[in-house]
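Heads up: the structure comes next, in structure tokens.
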Amino acid sequence: MFENDAVPMTKRDRTRARIREVAIRSLREHGYDGTTMRGIADEAGLSVGNAYYHFPTKDHLVQELYVEVQHEHVARATPELEGVDELADRVGVVVRTGLANLRSWHGIAPQFLTTAIAPGSPNNPMSPESAPARDVVLGLFRQAVDGSRTKLSAPLGDDLPRALWTAYLLVTLFWVYDTSPDQRRTDRLVDTALGVLRFALPMLRVRPFRRTVTEIVGIVAGRDA
């Protein structure tokens, strides 16, 4: 066997991959409420017990979906970031491509919000269970900040990606409730917020302003005092 040969999938791996494939398709087509472990098991040709053996709850499969959606976001955003060096513009690329990637989900998004909004829910974006999906999009915001020609000193530069991600969550929440045609109010909100960011960046040269912004960003990012 050559060193580059792919490692064959075990029966367990194939079963797990089949469950994941069926679950993600069901979640995309029927939403959170319309997807059940029994339905997943039936379509995958497995017993319900077997499905639960590989994924203890439906929420574990939702996490698989979240990871896939975030990788789709990265695939959309990465080429659009090329050649863009203004920080606000780079942040705009990440936010707008993220919302564009979610557009087809708008009708069923409230179902996922119901399970994600509770602080103790495993589907809460800030939960330990959500770390794989969260890390993907945090990496995208880190790429946006680090690739900018605006170089921010620590700790502001270190904390900013997570603060931007938190702001993106709030924008997404607004988007879920936005009933305007094609969620145009959300687009206006993003444009206006980016305008504020463009205005604020040059003011970071003013020490009191920079100190205040650094503190606020640090609090949002969860940095200890």
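The values are calculated or read from the model by the stated rules, or taken from the named source; none is laboratory data. Just so we're clear, the structure is a prediction, and the values are computed from it rather than from any experiment. Because the Cβ atoms are built from the backbone with ideal geometry, glycine has one as well, and the counts that use them run over all protein chains shown. For accessibility, only protein heavy atoms count, side chains too; no ligands or nucleic acids. Shrake-Rupley method; radii C 1.70, N 1.55, O 1.52, S 1.80 Å.
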For region 118-225, accessible area per residue (1.4 Å probe, heavy atoms of protein chains only), Å²: 59
Dipole magnitude (debye, nearest 20) for region 143-218, charges at Cβ of Lys, Arg, Asp, Glu: 400
Charge dipole magnitude, Cβ of K and R +1, D and E -1 - the chain, Cα centre, debye nearest 20: 460
Viscosity 0.890 mPa s, temperature 25 °C, Stokes-Einstein D of region 107-200 from Kirkwood C-alpha radius, µm²/s: 164
Percent carbon-and-sulfur accessible area, the chain, ignoring ligands, DNA and RNA, probe 1.4 Å: 58
Region 46-103: translational diffusion in µm²/s, Stokes-Einstein, Kirkwood Rh over Cα pairs, 25 °C, 0.890 mPa s: 183
Label corresponding to Rg and Dmax of the Cα atoms in Å when calculated from the structure given, among (i) 19.6, 77; (ii) 21.1, 84; (iii) 20.2, 64: (iii)
Region 109-124 - phi-based ³J(HN,Hα) in whole Hz, Karplus 6.51/-1.76/1.60, Gly and Pro as x: 4, x, 4, 6, 5, 4, 7, 8, 6, 5, x, x, 6, x, 8, 4
Region 71-156: C-alpha gyration tensor shape, a/c 1.5 cut-off, then a/b vs b/c: oblate
Alpha carbon convex hull of region 1-127, projected area averaged over orientations, nm²: 11.1
Region 130-179 - Rg over Rh from alpha carbon coordinates, Kirkwood radius: 1.06
Qualifying trypsin sites (Lys or Arg not before Pro) in region 120-225, DSSP loop, other Cβ atoms within 10 Å at most 13: Arg149, Lys151, Arg205
Between 0 and 90°, nearest 10: helix 87-102 axis offset from the chain longest Cα axis: 30
Nearest 10 degrees, 0 to 90: helix 184-203 Cα axis against the chain principal axis: 40
